[in-house]
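Presented below is the structure to which this report refers.
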Amino acid sequence: MASKKQGEVQLQTVINSQSLWEEMLQNKGLTVIDVYQAWCGPCKAMQPLFRKLKTEINEDEILHFVVAEADNIVSLQSYRDKCEPLFLFSVNGKVIAKIQGANAPLVNKKVIALINEEKKIAAGEMVRPQYPDILLIDSVDHVYSEIVFSLGEMYSIAVIKPDAVLKAKAQEIKEKIITAGFVIEAEERAILTEEQVRDFYSQTADQPDFEEFLSFMITGLSYVLLIVQGKGQSPKEESEIKAKESPELSTEYNAKKWNSLQECLEQQHLSQFCDVEDNEVNVTRLTDVFFPEFKINKGKKLQRTMALLRPDLLEKQDDIFHIIKDEGFKILMERQIVLSEEEAKMLCEEFENKSYFEKLIENMTRQPSLALVLLRENCVQYWKELLGPRTTEEISDCHTDSLCAQFAVGSLPINQLYGSDSAAVAERDIQCFFPLENTFALIKPHVTREQRGEILKLIKDEGFELVQMKDLLLTPEQVGKIYFQITTKDFYNDVLEVLSEGPSLIMVLSKWNAITDWRRLMGPVDPEEAKLLSPQSIRAQFGTSILKNAVHGSTNHYSVTENINTIFGDDMGEQ
């Protein structure tokens, strides 16, 4: 299809025009593309690896090697004048991955993995994965200008390592970062993949103990944080404001502006638990890896607030739900609750000096109210504006469309809906009425890596927070403690056999009502029954039999505690 370089006929095809590039995209299988500049030529250091792969794999129909001259190919124009080697991986004409730098072990692993996938697909053993699109644009010119220049902010990415998470140091580290004047813009909790670890730690990949470090990093939960240094007030002003808002967080660190996040962590003796990347180019590239939606959502000020429908309004909740939806709110959580006297007084403290205060407290402690957690841009203020005045006595011509006016009742002259006064009060209210609860969850060995990813997305979409996670081949003793309720059953040995087939992904999940919500998300034990009764459940989608039904979860608070202690021990502490 294209001309060959003298002496490389059997190895790499030369692509030096847009037409040859488009012709190359017709290749079936995997094509490894060495993108080079005319002034420096292809990466010769990688050619021995390519020859070795070509000889060992010996699949000319599905494995191709090419060199592509960026200077003469329109599709590669953003890579012109770059001296760092770049390797693209095209599968059936779609570029699905890229590796920067002459990283032979990583390129070797990627080629072998993709070829094995192609063989399985050809044999009908797996369905072709839905690869993410790899845009052939320059991450520095495009992304960096978007994320940094337009925002005027300098970012860092920090990784809190698995040993720190296991020892319950993650929250302490985050609090000290915030107290030191930094802002955590985004957070992701996950077991890092081998590729992500190699990407983040590329500068130390040649160290003799790197492979051992890699194994450590991919077996436990890490926190990945996108961080920017706070701005606005002076250090003194920031310290005074924080002291008023939260005296317990007012420390010596508030009085200093750090030169970098790394310096801050080192001075606070936290650097051994948390690694930082602050190189501008690397940060912008890694932002797309760990936080692909960050740039889209950056301009949005998403907030939570708590709303409450007082008892006299419950019969009209459908009308209010329609308004909430039409105004762009998302309901994250809801619960019907008869308030205690203490809870009622906390939510009605603004009416404490009114003559009807005792009657109001009696009303709210005798009948159920409906508590909601709402999410929206500028949520706290927007909900307060919708509510209108605190009492019906304050309604004027400018408040006729307010919820206070629309849903006024004669028994009490107050707004029949409640909203938190500030973001801080909202978090107080949410923690009070929707207290977090942990549950124990397990993804079984038969679930594939791709399916694991889909299940983890379902978990995240349902509002669960990953507190702990570990990839672990369970011992019979551990299985016995996790499944202690069925160890005397006839089928217990079958359970042991299924869980011995490979590592299980074991998690501690947190949210309000976590135990019940996780069991609902799992679905019925029998996947066939789940498909009928709960087709969107995990077992309906990923279970293949009662034994291989994809997931397991604790049934009550006692089993949650026992299961968590069995796997994570006492080190987990308070997360």
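The values are calculated or read from the model by the stated rules, or taken from the named source; none is laboratory data. For clarity, every value in this text was computed on a predicted model and none was experimentally measured. Reconstructed Cβ throughout: ideal geometry from the backbone, glycine too, with neighbour counts over all protein chains shown. Just so you know, the surface numbers come from the protein's heavy atoms only, side chains and all, with ligands and any DNA or RNA stripped out. Shrake-Rupley method; radii C 1.70, N 1.55, O 1.52, S 1.80 Å.
Scanning segment 322-347 for residues that are closer than 11 Å to residue 374 by Cβ and without any contact (Cβ under 8 Å) to a residue 24 or more places away in the chain turns up just one, 325. If the condition is being surrounded by 19 or more Cβ atoms within 10 Å (Cβ to Cβ) and more than 23 Å from residue 301 (Cα to Cα), then segment 177-212 contributes 191, 192, 196, 197, 198, 199, 200. Note on segment 384-489: enclosed helices (runs of 4 or more DSSP H) holding 2 or more residues that are touching a Lys or Arg at 6+ places or on another chain (Cβ under 8 Å) and closer than 30 Å to residue 186 by Cα are 423-433.
Can you pull out every residue in segment 18-76 that is among the acidic types (Asp, Glu) and open to solvent by 20 Å² or more (accessible area, probe 1.4 Å)? Of everything in segment 18-76, those that are among the acidic types (Asp, Glu) and open to solvent by 20 Å² or more (accessible area, probe 1.4 Å) turn out to be 22, 23, 56, 59, 60, 61, 69, 71.
Considering only residues that are in contact with a Leu (Cβ under 7 Å, 6 or more places away or on another chain) and either assigned to a loop (DSSP other than H, G, I, E, B) or of a type in the set (Val, Ile, Thr) (or both), which ones fall in segment 161-173? Of everything in segment 161-173, those that are in contact with a Leu (Cβ under 7 Å, 6 or more places away or on another chain) and either assigned to a loop (DSSP other than H, G, I, E, B) or of a type in the set (Val, Ile, Thr) (or both) turn out to be 165, 173.
Taking the numbered list (1) exposed (fewer than 15 other Cβ atoms within 10 Å of the Cβ); (2) within 23 Å of residue 359 (Cα to Cα) in turn, residue 435 passes all entries but (2). Among the candidates 438, 415, single out the residue that is farther than 30 Å from residue 497 by Cβ and among the polar types (S, T, N, Q). Answer to the check: 415. Exactly one residue out of 442, 473, 458, 466 is within 30 Å of residue 495 (Cβ to Cβ) and exposed (fewer than 14 other Cβ atoms within 10 Å of the Cβ), and it is 473. Segment 261-373 holds strands (runs of 3 or more DSSP E) entirely within its bounds, and those carrying 1 or more residues that are at pLDDT 90 or above and polar (S, T, N, Q) map to 302-309, 330-337. The set of residues in segment 538-570 being part of a helix (DSSP H, G or I), hydroxyl-bearing (Ser, Thr, Tyr), open to solvent by 20 Å² or more (accessible area, probe 1.4 Å) and out of contact with any helix residue (DSSP H, G or I) (no Cβ under 7 Å at 6 or more places or on another chain) consists of 558, 561.
Note on segment 490-506: residues that are open to solvent by 50 Å² or more (accessible area, probe 1.4 Å), in contact with a Leu (Cβ under 8 Å, 6 or more places away or on another chain) and either in a helix (DSSP H, G or I) or at pLDDT below 90 (or both) total 1.
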